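The values are calculated or read from the model by the stated rules, or taken from the named source; none is laboratory data. What you are looking at is a predicted structure, and each value in this text was computed from that prediction instead of being measured. Neighbour counts are summed over all protein chains in view; Cβ atoms, including those assigned to glycine, are modelled from backbone coordinates with ideal geometry. All accessible areas refer to the heavy atoms of the entire protein, side chains included, with ligands and DNA or RNA removed. Shrake-Rupley method; radii C 1.70, N 1.55, O 1.52, S 1.80 Å.
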Amino acid sequence: MTYLAVFESDTWRLEREVLARALVSDWPQAQVELASPGLAGSEVRDVSWSYRSASGDLEGYAHSDGRGIYLEGPIELVADFVVWYRGLVPPEEQVIFCDDSYSFDGVVPANATREDIIAIAE
């Protein structure tokens with residue numbers, strides 16, 4: 001299942017360099033790749049990463065518009081990344097957590113916990 005954490009804003013976006021630096025700094029075990037502009041797929045997978053842990057493997061990527069990430073992996077690990085991502089987005093921006101078929105969705109508060117994110121998905 002693919003999970004999304006997205007926001008809509010006409011005034012703010014998470015720049016790819018900021019996201020990449022934060023990934024490298026906060027998730028040092030993650031393998032991070034930046035897409036080359038103009039290559040097929042770069043508009044959807046601008047920044048991509050993979051992360052391995054004892055609880056499983058996670059694949060993530062960010063859309064080039066800087067307004068969301070896509071995550072595939074165990075819900076606990078996805079929740080950890082969503083909480084982390086929420087911290088990169090200004091509190092005044094409303095972040096929505098959902099899956100790719102919109103079978104659930106909910107607002108991620110600025111002080112969200114792993115348990116909050118898991119509860120949205122249940």
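Structure data summary
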{"read-out": "Matching residues, region 77-100, being open to solvent by 80 Å² or more (accessible area, probe 1.4 Å) and out of contact with any Phe, Trp or Tyr (no Cβ under 7 Å at 6 or more places or on another chain)", "value": "PRO91, GLU92, ASP100"}
{"read-out": "Failed item in (1) of a type in the set (Ser, Thr, Tyr); (2) surrounded by fewer than 16 Cβ atoms within 10 Å (Cβ to Cβ); (3) modelled with pLDDT of 95 or more, with SER50 passing the rest", "value": "(2)"}
{"read-out": "Pair list, Cβ < 7 Å and 6+ apart or interchain, from region 103-122 residues that are open to solvent by 40 Å² or more (accessible area, probe 1.4 Å) to residues that are in a helix (DSSP H, G or I) and at pLDDT 95 or above", "value": "PRO109/ASP116; ALA110/ARG86; THR113/VAL83; ARG114/GLU76; ARG114/ALA79; ARG114/ASP80; ARG114/VAL83"}
{"read-out": "Strands (runs of 3 or more DSSP E) within region 61-122 that include 3 or more residues modelled with pLDDT of 95 or more and in contact with a Ser or Thr (Cβ under 8 Å, 6 or more places away or on another chain)", "value": "68-72"}
{"read-out": "Residue list for region 75-102, restricted to those being more than 14 Å from the chain's Cα centre (by Cα) and without any contact (Cβ under 8 Å) to a residue 60 or more places away in the chain", "value": "PRO91, GLU92, SER101, TYR102"}
